[in-house]
Amino acid sequence: MPSDYDATEFIDHDFQPHQSLASAAQFQRAPTREEVDSKVAEAQQKLTELRRTQEELERQRGALEETRRRQIEFQTGRQESLQSLTRGLGLLEEAEFSARRDAEQMAKTMADLRDALAKVEALHQESWTQLNFEGELTRALTTLENARMEWNSARLKFPLLSGQTPESKAEATVSAPVPSLVGSHSFGELCRLGLALTWPLAVVAILTAAALCVLLLRH
């Protein structure tokens, strides 16, 4: 005997919720103008807040970029300053050492010149007698020779004592005459020199003329 009919066996349980939602949406009322205006105002407010947030982020980004630029400027300036100051100190220390050495050498030379000057000033021929004349003369000549050596040595060390300055030395170098080839040779030497320089050209000219004569005679 067939079983009793069960109506629930033909009900699609997956379709039933969708059907219920469709039915509910079908009977849901349309939004009013006030609700739409409210939604538009809400969206506009959110856009305004987003723009404000964007502007704030742009401002922060600009501040960060300025900070980064200043940091780069600091690092670059610090490196340049370290290099310039280190190099400057090195050059000045070297110049100071050279100047101190020159000053010490100049002080020693000045002391030697003062000593030589005092010895020359101490020479007085009037105090010589007949007995010590030869000895005093020899001693005086030795003193003068030593003073002359001190003076010449000082002139070699310091060109200023000879009236030479760096400017005058440079001018002398620039205005130094160029030796003339003509002025340093006689007429006969110049003739021989000219012949020595031009004889290859003369030989080539003679050979060329001879070749032309032979060609003309053949024709």
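Hey, does the range 108-118 have a residue that's surrounded by 10 or more Cβ atoms within 10 Å (Cβ to Cβ), assigned to a helix (DSSP H, G or I) and within 31 Å of the chain's Cα centre (by Cα)? Within the range 108-118 (the criterion being surrounded by 10 or more Cβ atoms within 10 Å (Cβ to Cβ), assigned to a helix (DSSP H, G or I) and within 31 Å of the chain's Cα centre (by Cα)), the answer is no, since none of the residues qualifies.
Checking GLU96, GLU73, GLU35, GLU58 one by one, the residue that is among the acidic types (Asp, Glu), assigned to a helix (DSSP H, G or I), within 30 Å of LEU156 (Cβ to Cβ) and free of Cβ contacts under 8 Å to residues at least 24 places away in the same chain is GLU96 and no other.
Where a number appears in this text, it was derived from the coordinates with a stated rule and is not lab data. Keep in mind the model is a prediction, meaning the values are calculated, not measured. Cβ atoms come from the backbone with ideal geometry, glycine included; neighbour counts cover every protein chain shown.
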